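A.B. asks: Starting off with a structure, shown below.
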Amino acid sequence: MQATDLGKAPPMQKVIVGLGELLWDMLPSGKRLGGAPANFTVMSSRLGNRGVIASRLGSDSLAGEARQVLKAFPADLSLLQSDTIHPTGTVGVEIRGEEPHYIIHEPAAWDFMEWTSEWRALAQSADAVCFGSLAQRNPASRATIREFLSATRPGCVRVFDVNLRPPFFSVDVIGASLASATIFKLNEVEMPEVLAMLGLLPPDARAAGNGETGKSEAGLLAAARSILRKYPVKLVAVTMGDEGSILAMRDAHHRHHGVPIAVADTVGAGDAFTAALVQAYLAGASLAGMNEAGNRWGGWVASQRGAMPPLDPATLAAVTAQIADAASRPGLS
């Protein structure tokens, strides 16, 4: 992939789809709209793309509230489906021993996403689509997601953001998703579990040094390479919280050590990272450029409250300038 200047605007707007769950997190402090694909799409649209949320809401008051909240963002809501039988998705939160535990209620409207002619046209026009494992917990939506991926053009970037939420994943879902993906994104906690499910042990696992394959920096890189050897994905992105991220291709890798921030709320930071990574990937950026963009925008979301915090034009311009400045420095190529 030829590196380009991240400071230049893309020649034309890209069609980027977030395919999967759209739900309300019912927190002790109140409800908050989310779902990884929706968070990803909102950030993608803010970066200048036609970000399309491909999900399904109920016909209840929560659906109306969700649409009202989303109107504040530039995301395209025109292809959101409505369900007259199943409710809008919610996630309950229980505090056990001062630790939050999440209950993803089922069934939900997004479990029954339908494969329609409108979604087929969307799939055929998409430049990138991001999907996960949670929205594949029900056979109905799983079949729709697979139809959608199959209908995309060969050049479409298919991003599998695994987003493990027990018990809503399986070896079959992970394996089939990797077989369809261009980019695989996960975090350092998920990596050992994914390796175990797939029966993968990197041949250079001893590089981890501490015996915890897939957890150290060297172990994460070895794990990423083992996935690249087995599946047709072109890029594996491993996020590491405030320690940054690792991007690996078959012939190269890059380590970013993160951006110093005052963390307010990490919800949605990984989705913003993915959106910025995809934006840079589509622009032909280098691995270092993709990593810089992902960490800058992921860090910004983590410094705010909520997965879809307000973003004013001045902040958008400032973060974009920081990414462009980093791209111009010697060594970021």
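A.B. asks: In debye to the nearest 20, how big a dipole does the range 217-293 give about its Cα centre with +1 on each Lys and Arg Cβ and -1 on each Asp and Glu Cβ?
C.D. replies: Its charge dipole is roughly 520 debye.
A.B. asks: While we're looking at this one, here's another question. Let me have the 222 nm mean residue ellipticity of the chain computed from DSSP H runs of 4+ only, each contributing -39500 (n - 2.57), with the sum over all residues rounded to the nearest 500.
C.D. replies: That comes out to -11500 deg cm²/dmol.
A.B. asks: Could you tally up the Lys pairs in the chain with alpha carbons closer than 26 Å? Skip any pair fewer than 8 positions apart unless they're on separate chains.
C.D. replies: Taking the chain as the scope, the lysine pair count is 11.
A.B. asks: So, with +1 on the Cβ of K and R and -1 on the Cβ of D and E, and no other charges, what is the size of the charge dipole of the chain about its Cα centre, to the nearest 20 debye?
C.D. replies: In total the dipole reaches around 840 debye.
A.B. asks: So, one more: Assigning unit charges at the beta carbon (Lys, Arg +1; Asp, Glu -1) and nothing else, what dipole magnitude in debye, to the nearest 20, does the range 41-123 show about its Cα centre?
C.D. replies: In total the dipole reaches around 460 debye.
Coordinate-derived values only; no laboratory data. All figures in this text were calculated on a predicted structure; none of them were measured in a lab. Because the Cβ atoms are built from the backbone with ideal geometry, glycine has one as well, and the counts that use them run over all protein chains shown.
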